[in-house]
Amino acid sequence: MTYEPVVGLEVHIELSTKSKMFCSCSADYFGKEPNTHTCPICLGLPGALPKANIESIKFVQKLGMALNCKAQLSSKFDRKNYFYPDLPKGFQISQYDLPFAKSGYLEIETENANRKKIRITRAHLEEDTGKLTHAAVDGRRVTLIDFNRSGVPLVEIVSEPDMNSSFEVKDYAQKLQQIARYLEISDADMEKGSMRIEPNVSLRQKGSKVLPNYKVELKNINSFKFARAAVEYEIGRQTKILEKGKIPDLETRGWNEAKKETYSQRGKELAHDYRYFPEPDLAPFIFKAQEIATLKSQVPELPGQKFARFTQTYQLTPYDAQILTRDVNVAQFFEETVKIATGHGLSTKEIANTLINKNVQVNSTLPAQLVKSLVQSKAKAKISNEELTATVSLVLKENPGAVSDFNRGKETAIMFLTGQTLRKLKVPVHPREVTEKIKNILASKSQG
Ligand code: ZN
Ligand code: MN
């Protein structure tokens with residue numbers, strides 16, 4: 001029997017606002033001394049009152065627009081109750097039935113280069129938790145808690161289980177990252193933990209339209225490569241279980257990169273009861289259509305739109321357009337360079353090739369500098385062609401013996417002549433080019 005993976009994704013992205021979600025502590029905590037970015041609110045001390053960071057709400061609304069979600073005019077925060085040491089309040093402020101964005105889609109690419117829409121269930125705003133580190137202090141095994149991350153705004157983007165391969169999972173996650181970066185709402189850096197992805201993986205008979213009656217959640221994945229590997233591993237593991245006529249356990253599994261396998265973290269957690277209820281310390285939100293329209297006007301051209309425009313306007317191949325629109329700074333650099341290059345005899349293709357193949361530092365180079373150096377190196381290439389003819393002619397004149405050897409059919413003489421020419425040239429030229437030139441000149445001479 002052939003199985004088909006059914007995958008949905010939960011993605012958490014930390015928002016790069018100046019301050020945290022419900023207090024004025026700096027949200028820029030990465031690499032900072034533990035517990036230095038804290039206050040009674042983000043430490044969850046009794047009686048501390050949260051105040052919502054409006055900037056982070058706008059970030060989620062913009063992200064929702066970029067993900068084709070319907071505008072939500074009313075929304076609120078809810079308490080998600082659970083106990084864990086990294087959550088001192090005993091609840092996380094999150095959103096339940098009225099998220100800031102819902103019912104959208106993200107278009108991705110399949111391995112056959114087809115386009116496919118992945119439905120977005122919702123994008124809601126919540127606060128991040130503290131960070132636990134398991135360590136040994138004075139020979140004792142301890143768990144350390146750093147609350148710098150506690151209260152940092154997080155957007156959680158939940159998709160429908162519409163992905164059917166590890167390739168699609170990777171493409172979806174990468175496109176989300178790209179959108180977050182285009183919107184400048186997060187650096188969405190997986191290694192730093194500012195973007196975290198959790199695939200829900202199960203298998204069904206190929207061709208079936210029914211959702212499987214179980215799913216396995218994968219956690220602790222901090223790169224796109226590992227995400228693909230973890231999903232692939234799960235496909236293999238679950239196939240074996242299903243082939244035995246059993247059903248894989250409902251569980252949460254982590255990814256062990258050293259062993260290249262997933263491992264069980266937590267068992268059956270079917271009926272979560274988070275006892276969600278409206279957060280009483282924060283008033284609900286009502287947005288005016290005008291406010292939504294203003295935000296919409298601030299959404300920049302998105303990766304997919306830029307890609308389409310680049311292939312049309314600049315006649316780029318999909319491959320080139322893909323690379324040039326991956327990073328908005330590179331895309332902008334490309335367009336500025338093209339603008340300046342008009343009238344300098346440089347083609348759009350030449351500029352695209354240079355940006356793709358040469359390591360151009362777009363943050364420290366000016367488009368005008370690149371145009372100048374491209375024009376110069378083209379001029380140089382032209383001179384060396386004329387120079388080449390002149391140098392070859394000179395070498396032929398100086399070595400009549402080798403020339404007559406070659407004319408009598410001694411092929412190796414050409415290698416000697418090539419070597420002599422290369423020695424005289426000041427600019428590096430490929431030996432094959434020199435050999436060609438010698439053959440051409442000799443051929444034209446013998447004809448004349
Ligand atoms: Zn705080
Ligand atoms: Mn969450």
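The values are calculated or read from the model by the stated rules, or taken from the named source; none is laboratory data. From a predicted model like this one, the values you see are computed outputs, not experimental measurements. Here Cβ is always computed from backbone atoms with ideal geometry, including for glycine, and neighbour counts include all displayed protein chains. Only protein heavy atoms, including side chains, enter the accessible area calculation; ligands, DNA and RNA are left aside. Shrake-Rupley method; radii C 1.70, N 1.55, O 1.52, S 1.80 Å.
At a glance:
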{"quantity": "Residues being under 19 Å from Ile54 (Cα atoms), part of a strand (DSSP E or B) and away from ligand 1 (no atom under 16 Å from the Cβ) - total across segment 71-98", "calculated": "6"}
{"quantity": "Residues (more than 16 Å from ligand 2 (Cβ to nearest atom) and of a type in the set (Ser, Thr, Tyr)) located in segment 24-66", "calculated": "Ser24, Ser26, Tyr29, Thr36, Thr38"}
{"quantity": "Members of segment 143-163 that are open to solvent by less than 40 Å² (accessible area, probe 1.4 Å) and not β-branched (Val, Ile, Thr)", "calculated": "Asp146, Phe147, Asn148, Arg149, Ser150, Gly151, Pro153, Leu154, Glu156, Ser159, Asp162, Met163"}
{"quantity": "Segment 264-290, subset open to solvent by 90 Å² or more (accessible area, probe 1.4 Å) and not in a loop (DSSP other than H, G, I, E, B), residue nearest to Glu232 (Cα to Cα)", "calculated": "Arg266"}
{"quantity": "Residue match in segment 78-93 (condition: open to solvent by 70 Å² or more (accessible area, probe 1.4 Å), at pLDDT 95 or above and not β-branched (Val, Ile, Thr))", "calculated": "no"}
{"quantity": "Filter result for the condition that a residue is touching a Phe, Trp or Tyr at 6+ places or on another chain (Cβ under 7 Å), part of a loop (DSSP other than H, G, I, E, B) and either within 12 Å of ligand 1 (Cβ to nearest atom) or modelled with pLDDT under 95 (or both), over Asn68, Asn35", "calculated": "Asn35"}
{"quantity": "Conditions (1) in contact with a Ser or Thr (Cβ under 7 Å, 6 or more places away or on another chain); (2) open to solvent by 20 Å² or more (accessible area, probe 1.4 Å); (3) outside any loop (DSSP other than H, G, I, E, B); number of the one not met by Glu126", "calculated": "(2)"}
{"quantity": "Whichever residue in segment 7-32 is of a type in the set (D, E, K, R) and without any contact (Cβ under 8 Å) to a residue 40 or more places away in the chain and, among such residues, is surrounded by the fewest Cβ atoms within 10 Å (Cβ to Cβ)", "calculated": "Lys18"}
{"quantity": "Every pair of residues 6+ apart whose Cβ atoms lie under 7 Å, when the first sits in segment 324-337 and is in contact (Cβ under 8 Å) with a residue 40 or more places away in the chain and of a type in the set (Val, Ile, Thr) while the second is assigned to a helix (DSSP H, G or I) and surrounded by 18 or more Cβ atoms within 10 Å (Cβ to Cβ)", "calculated": "Val328/Arg181; Val328/Tyr182"}
{"quantity": "Selection status of Ala48, farther than 23 Å from Ile120 by Cα, touching a Pro at 6+ places or on another chain (Cβ under 6 Å) and within 11 Å of ligand 1 (Cβ to nearest atom)", "calculated": "yes"}
{"quantity": "Qualifying positions in segment 175-206 - assigned to a helix (DSSP H, G or I) and either more than 25 Å from Lys131 (Cα to Cα) or open to solvent by less than 30 Å² (accessible area, probe 1.4 Å) (or both)", "calculated": "Lys175, Leu176, Gln177, Gln178, Ile179, Ala180, Tyr182"}
{"quantity": "Subset of segment 1-19 (residues that are away from ligand 2 (no atom under 16 Å from the Cβ), assigned to a loop (DSSP other than H, G, I, E, B) and either within 27 Å of Ser159 (Cβ to Cβ) or aliphatic (A, V, I, L, M) (or both))", "calculated": "Met1, Thr2, Ser16, Thr17"}
{"quantity": "Sole exception among (1) closer than 29 Å to Asn213 by Cα; (2) free of Cβ contacts under 8 Å to residues at least 60 places away in the same chain for Asn164, by number", "calculated": "(2)"}
{"quantity": "Top-ranked residue of segment 99-111 - restricted to ones that are part of a loop (DSSP other than H, G, I, E, B) and touching a residue at least 40 places away in the same chain (Cβ under 8 Å), ranked as surrounded by the most Cβ atoms within 10 Å (Cβ to Cβ)", "calculated": "Phe100"}
{"quantity": "Some residue of segment 35-48 being closer than 23 Å to Ala188 by Cα and without any contact (Cβ under 8 Å) to a residue 60 or more places away in the chain", "calculated": "no"}
